[in-house]
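Structure first, commentary second.
The values are calculated or read from the model by the stated rules, or taken from the named source; none is laboratory data. The structure presented is a predicted model; accordingly, all values stated were derived computationally and were not measured. Cβ sites come from the backbone with ideal geometry, for glycine too, and all protein chains shown count toward neighbours. Ligands, DNA and RNA are stripped out before the accessible areas are found, and what is left, the full protein with its side chains, is counted by its heavy atoms. Shrake-Rupley method; radii C 1.70, N 1.55, O 1.52, S 1.80 Å.
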Amino acid sequence: MGASSRLSGLYRQSVAERQAIIRDRCNLTENQVDALTHGGLSLDLANRLVENVVGMYGLPLGIAANFQINHRDYLIPMAIEEPSVIAGCSHAANLVRGAGGFTADADPPMMIGQIQVVDASDVDAAMERLAAARDDIFALANSASTLSQRGGGMQSMELRRIDETRVGPMIVVHLMIDTRDAMGANAVNTICEAVAPLIEQITGGRVVLRILSNLADKRLARARCRVQRDALGDDIIRNVVAAQALAEVDPYRAATHNKGALNGIDAVALATANDWRGVEAGAHAYAARDGRYRALTTWDRDANGDLIGSIELPLAVGIVGGTTTAHPVAQIALKILGVTSAMELAGVMAAVGLAQNLGALRALASEGIQQGHMALHARQVAIAAGATGEQVERVADTMTGEKNIRLSRAKELLHGKK
Ligand code: MEV
């Protein structure tokens, strides 16, 4: 996307006005705007995606503005039900924009496929035979998918030996598979299943698991940013660093801290129909990689007093394949993002995670998150009480003013009781 992502006052516009902005900037067709309005998924398509379908489940799709990543502007589509996330993300991206934006990068899209071998009578000898059969394993792996024809496929093999398990020693074969622009679960699992009989034959053992690892730590994405001292002020910066310090040593805080970053990352994963459960599993496992669960981000002050942040986590996400290709709104989300590779998407998502974490820490380090949350929460309570149209704002404003945001109060206000 060439145009600026700086969209001040987006929140004051109507949905139709926002749609018009996105349509014009991202060259959406009228059909695509219509798909955004209605959620994109037909019952028929839903019925082809999963089993036992009885209906559909809608989620809001919003746009986080102001993102500049590697000197390029991005509009960020986010599918999420939680109030304040999109606003917090846009606000943080604007703070970072003032200091030149994010830098981000991602490793090549290397997934790990695991093949578990048990009951090998001589583990050492079996591992030696596996190493010697490397070329045959590669050839079989690459014949099982089209990845190698697209510049990806099997890249290397690691042999792990785990002696201390409840069922005796085992060998775990790791196949490193470059999945190009796909998340790659299907290709990796297909390859693991195809190679398993050969592995059994070579080892004389029994293969049990043949599946990808969601700890995709060969596929890390990173982002970095700066916020100028004047943009936040010394007090807030000091508090952000204090909050960060707790997340570095305390798993109770680190879980919440990381959840804040994942609010943003998951919302983009959902918008692009990527496997957010896989992303979550990888992120949390990576956060605990040294045996203690820690923050995925870092925040510090530099010599000028500016706030410097970074994030690193596995991001196994794709722009082709699976539901990403099948879901019309995921296709629109990718068009809005304007990313052209899975690596670019991973870098953008890392920057979104860092921004989301900054947005949460900034609010926690100053006014707290409830102030911003409450106005939106009040609207949800008003809607739950049956408010529609103009009533939603009226009931929500009154409850916010009264600091009494309750379903019973919303119902009273709706039914005329002061
Ligand atoms: C809420 O969804 C996320 C936060 O709890 C994150 C954090 O505490 O850093 C606000």
Item to complete: Taking the Cβ of GLY318 as the centre, find all other residues whose Cβ is under 10 Å away and add up their charges (Lys, Arg: +1; Asp, Glu: -1).
Response: -1
Worksheet entry | Within the accessible area of the chain (1.4 Å probe), percent carbon and sulfur | 51 percent
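Can you quote the Å³ per residue value for the convex hull of the Cα atoms in the chain, rounded to an integer?
Dividing the Cα hull volume of the chain by its residue count gives 179 Å³.
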Worksheet item: Sorted by packing (mean other beta-carbon atoms within 10 Å per residue), highest first, where do 114-121, 48-55, 345-352 land?
Response: 345-352, 114-121, 48-55
Worksheet item: Dipole magnitude of the chain about its Cα centre, charges +1 at Lys/Arg Cβ and -1 at Asp/Glu Cβ only, in debye to the nearest 20?
Response: 1080 debye
Discussion item. For ILE162, project a label point 7 Å along Cα to C-beta. Then give me every residue of the range 104-137 with its amide nitrogen under 12 Å of that point.
Written reply: 114-118
Practice prompt. Rounded to whole Hz and in sequence order, give me ³J(HN,Hα) for the range 40-53 from the Karplus expression 6.51 cos²θ - 1.76 cosθ + 1.60, θ = phi - 60°, writing x for Gly and Pro.
Written response: x, 8, 7, 4, 4, 5, 4, 5, 8, 7, 9, 9, 6, 5
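Please give the length that would be gained between LEU246 and ASP136 if that part of the chain were fully extended, namely 0.36 nm times their separation in residues minus their C-alpha to C-alpha distance (nm, one decimal).
On the way: separation 110, 0.36 × 110 = 39.60 nm, distance 4.99 nm.
Length difference between fully extended and current span is 34.6 nm.
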Worksheet item: Where a ≥ b ≥ c are the square roots of the eigenvalues of the C-alpha gyration tensor, would you call the range 250-385 rounded, which needs a/c under 1.5, or, failing that, prolate if a/b is larger than b/c, or oblate?
Response: oblate
Worksheet item: Helix 328-337 versus the longest principal axis of the chain: what is the Cα-based angle in degrees, 0 to 90, to the nearest 10?
Response: 80 degrees
Worksheet item: Which of the aspartates and glutamates could be linked to LYS259 by a straight reach, that is with a Cα gap under 18 Å, when you skip same-chain ones fewer than 8 residues away?
Response: GLU81, GLU82, GLU248, ASP250, ASP275, GLU280, GLU312
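If THR103, THR340, THR37, THR297 are ordered by their accessible area, calculated over protein heavy atoms with a 1.4 Å probe, which sequence runs from highest to lowest? Intermediate results must be reported in sequence, preceding the final value.
On the way: THR103 60, THR340 105, THR37 80, THR297 5 Å².
Ranked from most to least accessible, the order is THR340, THR37, THR103, THR297.
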Practice prompt. Obtain the nm distance between the two label points defined at GLU367 and ARG6 by a simple spin-label model: each point lies 7 Å from its Cα along the Cα-to-C-beta direction.
Written response: 2.3 nm
Worksheet, complete the sentence: Largest-first ranking of TYR293, TYR11, TYR252 by accessible area, probe 1.4 Å, whole protein assembly kept, is TYR252, TYR11, TYR293
Response to the item:
For GLN155, other-chain or 5+-apart residues with amide H closer than 5 Å (H placed, Pro excluded) are MET176, ILE177, ASP178
Worksheet item: Using only the Cα atoms of the range 110-212, what do you get for the radius of gyration and for Dmax, in Å?
Response: 13.1, 41
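Averaged over all directions, how much area does the convex hull of the C-alpha atoms of the range 1-142 cover when projected, in nm²? Numbers along the way, then the final one.
Numbers: hull surface 62.1 nm².
For the Cα atoms of the range 1-142, the hull's average projected area reads 15.5 nm².
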Worksheet item: Under a 5 Å amide H to amide H cut-off, with H placed in plane at 1.01 Å, what residues pair with PHE67 once short-range neighbours are removed?
Response: TYR74
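Rounded to the nearest 500, what is the 222 nm mean residue ellipticity of the chain from helices alone, with -39500 (n - 2.57) per DSSP H run of 4+ residues and division by all residues? Don't jump to the answer; show the numbers that get you there.
Working: 17 runs with 207 residues, N = 418.
Mean residue ellipticity at 222 nm (helix-derived): -15500 deg cm²/dmol.
May I ask you to list the trypsin sites (Lys or Arg not before Pro) in the range 214-304 that are in a DSSP loop and have at most 16 other Cβ atoms within 10 Å of their Cβ?
Values: sites: LYS218, ARG219, ARG222, ARG224, ARG226, ARG229, ARG238, ARG253, LYS259, ARG277, ARG289, ARG292, ARG294, ARG301; in loops: LYS218, ARG219, ARG289, ARG292, ARG294.
Taking the range 214-304 and a limit of 16 other Cβ atoms within 10 Å, the loop trypsin sites (Lys or Arg not before Pro) found are ARG289, ARG292.
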Worksheet item: Just in the range 295-370: which GluC sites (Glu not before Pro) are loop by DSSP and have at most 16 other Cβ atoms within 10 Å?
Response: GLU367
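What order do GLU200, GLU193 take when sorted by accessible area (1.4 Å probe), most exposed first? Display every interim value, and only then the final one.
Working: GLU200 65, GLU193 100 Å².
Ranked list, largest accessible area first: GLU193, GLU200.
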Worksheet, complete the sentence: Sorted by chain and number, the residues with a modelled amide H under 5 Å from that of MET183, at a separation of 5 or more or across chains, are GLY318, ILE319, VAL320
Practice prompt. State whether the range 374-418 is rounded, prolate or oblate according to the following rule on the C-alpha gyration tensor (a ≥ b ≥ c being the square roots of its eigenvalues): a/c under 1.5 gives rounded; otherwise a/b larger than b/c gives prolate, and the remaining case gives oblate.
Written response: rounded
Response to the item:
Simple SL model, points at 7 angstrom along Cα→Cβ for THR256 and ILE308; separation in nm is 2.8 nm
Response to the item:
Tilt, helix 85-97 to longest principal axis of the chain (alpha-carbon atoms), in degrees rounded to tens, equals 90 degrees
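Probe of 1.4 angstrom, ligands and nucleic acids ignored: what's the accessible area per residue over the range 210-307, in square angstrom? Walk me through the numbers on the way to the answer.
Numbers: 4360 Å² over 98 residues.
That works out to 45 Å² per residue.
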Discussion item. Using the Karplus curve 6.51 cos²θ - 1.76 cosθ + 1.60 with θ = phi - 60°, what ³J(HN,Hα) values do you get for each residue of the range 135-146, in whole Hz, with x for Gly and Pro?
Written reply: 5, 5, 5, 4, 4, 5, 4, 6, 7, 8, 8, 8
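At 0.36 nm per residue, and after removing the present C-alpha to C-alpha distance, how many nm does the segment from SER408 to THR325 gain when stretched out fully? Let's see the in-between values first.
Values: separation 83, 0.36 × 83 = 29.88 nm, distance 4.41 nm.
Length gained between SER408 and THR325: 25.5 nm.
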